[in-house]
């Protein structure tokens, strides 16, 4: 089966600015991949190339084996831009009906009702966009990205305007999409959200992939700390299996032990180590 998204040696230059410099990226069917990086790292450019809004300078991108931007690729892709605008006079149902026409979806009222329920807006079908909160508009934007049952969904900062309850709704929605075999590329600055829901994480900096792996793989162990009567003793290279030996040595040396813990570095720690001053 072809990858939902496959970018190979992807490059993009805007005159003197190199936005992407040889990016390789794969998203398997049903895989949820988080795309991380500081502002200007090339994340949005990559996303726009994947959905056909921007042409690459070099390399190639395929969606389910079809060139990105082709009619076959666009028909299987859903997209939510970071800075989107919907007409304020339209109701939620009218907006989805418009996008159904644009996507040539034949899902009708049943599809619209299902999508509004998925994003927690089932009671707001007749509410106008201008009367919605920013968070409600964000969830409506996610609903329009799912019209036509796309096999690949590209989401650019989909939880940036949401409160904790709204972010949980989106996390549950992403898990539902994964269960249905829908691939998702999630561009986000909320590392905690990415860590909770993504199968794999790709970190981009200065137009290049600087790290990728599962959240667990990227959140490397941070050593062991032991509370003693003389204070906290730190063993930065130690792992969980080393704890019994460390405690035994300290006790043999005459120290009283009050507790021991394994320190886990978070995805945020790894991210900041990799992109450093750019992120700060």
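The values are calculated or read from the model by the stated rules, or taken from the named source; none is laboratory data. On a predicted model such as this, the values are computed, not experimentally measured, just so you know. Heads up, the Cβs are rebuilt from the backbone with ideal geometry, glycines too, and the neighbour counts pull from every protein chain shown.
Within region 184-199, residues that are over 19 Å from residue 81 (Cβ atoms) sit with their Cβ atoms under 6 Å from residues that are modelled with pLDDT of 85 or more and in a loop (DSSP other than H, G, I, E, B), at 6+ positions apart or across chains, in these pairs: 199/31. Scoring residue 226 on the criteria (1) in the same structural domain as residue 48 (by TED's automatic domain parsing); (2) over 15 Å from the mean Cα position of the chain (by Cα) leaves a single failure, condition (1). When 122, 100 are checked against the criterion of being free of Cβ contacts under 8 Å to residues at least 12 places away in the same chain and over 20 Å from residue 160 (Cβ atoms), 122 stands alone in meeting it.
For region 146-179, the tally of residues that are assigned to a helix (DSSP H, G or I) and under 26 Å from residue 64 (Cβ atoms) stands at 10.
Put simply, of 78, 120 the only residue that is surrounded by 17 or more Cβ atoms within 10 Å (Cβ to Cβ), at positive phi and not in a helix (DSSP H, G or I) is 120.
Looking across region 203-219 at every residue that is within 19 Å of residue 265 (Cα to Cα) and touching a helix residue (DSSP H, G or I) at 6+ places or on another chain (Cβ under 7 Å), the one that is surrounded by the most Cβ atoms within 10 Å (Cβ to Cβ) is identified as 203.
Can you confirm whether residue 186 is touching a strand residue (DSSP E or B) at 6+ places or on another chain (Cβ under 8 Å), crowded, with 19+ Cβ neighbours inside 10 Å and closer than 28 Å to residue 242 by Cβ?
It is false that residue 186 is touching a strand residue (DSSP E or B) at 6+ places or on another chain (Cβ under 8 Å), crowded, with 19+ Cβ neighbours inside 10 Å and closer than 28 Å to residue 242 by Cβ.
Does region 93-104 contain any residue that is in contact with a strand residue (DSSP E or B) (Cβ under 6 Å, 6 or more places away or on another chain), buried (at least 17 other Cβ atoms within 10 Å of the Cβ) and within 26 Å of residue 171 (Cα to Cα)? No, the conditions are met nowhere in region 93-104.
When region 33-60 is filtered for residues that are in a strand (DSSP E or B) and surrounded by fewer than 22 Cβ atoms within 10 Å (Cβ to Cβ), the ones remaining, listed by number, are 58, 59, 60.
Hey, any hits in region 25-32 for a residue that's in contact with a strand residue (DSSP E or B) (Cβ under 7 Å, 6 or more places away or on another chain), surrounded by fewer than 18 Cβ atoms within 10 Å (Cβ to Cβ) and either assigned to a strand (DSSP E or B) or modelled with pLDDT under 90 (or both)?
Checked region 25-32: at least one residue is in contact with a strand residue (DSSP E or B) (Cβ under 7 Å, 6 or more places away or on another chain), surrounded by fewer than 18 Cβ atoms within 10 Å (Cβ to Cβ) and either assigned to a strand (DSSP E or B) or modelled with pLDDT under 90 (or both).
Only one of the listed residues (125, 113) is assigned by TED's automatic domain parsing to the domain that holds residue 69, at pLDDT 90 or above and crowded, with 16+ Cβ neighbours inside 10 Å. That residue is 125.
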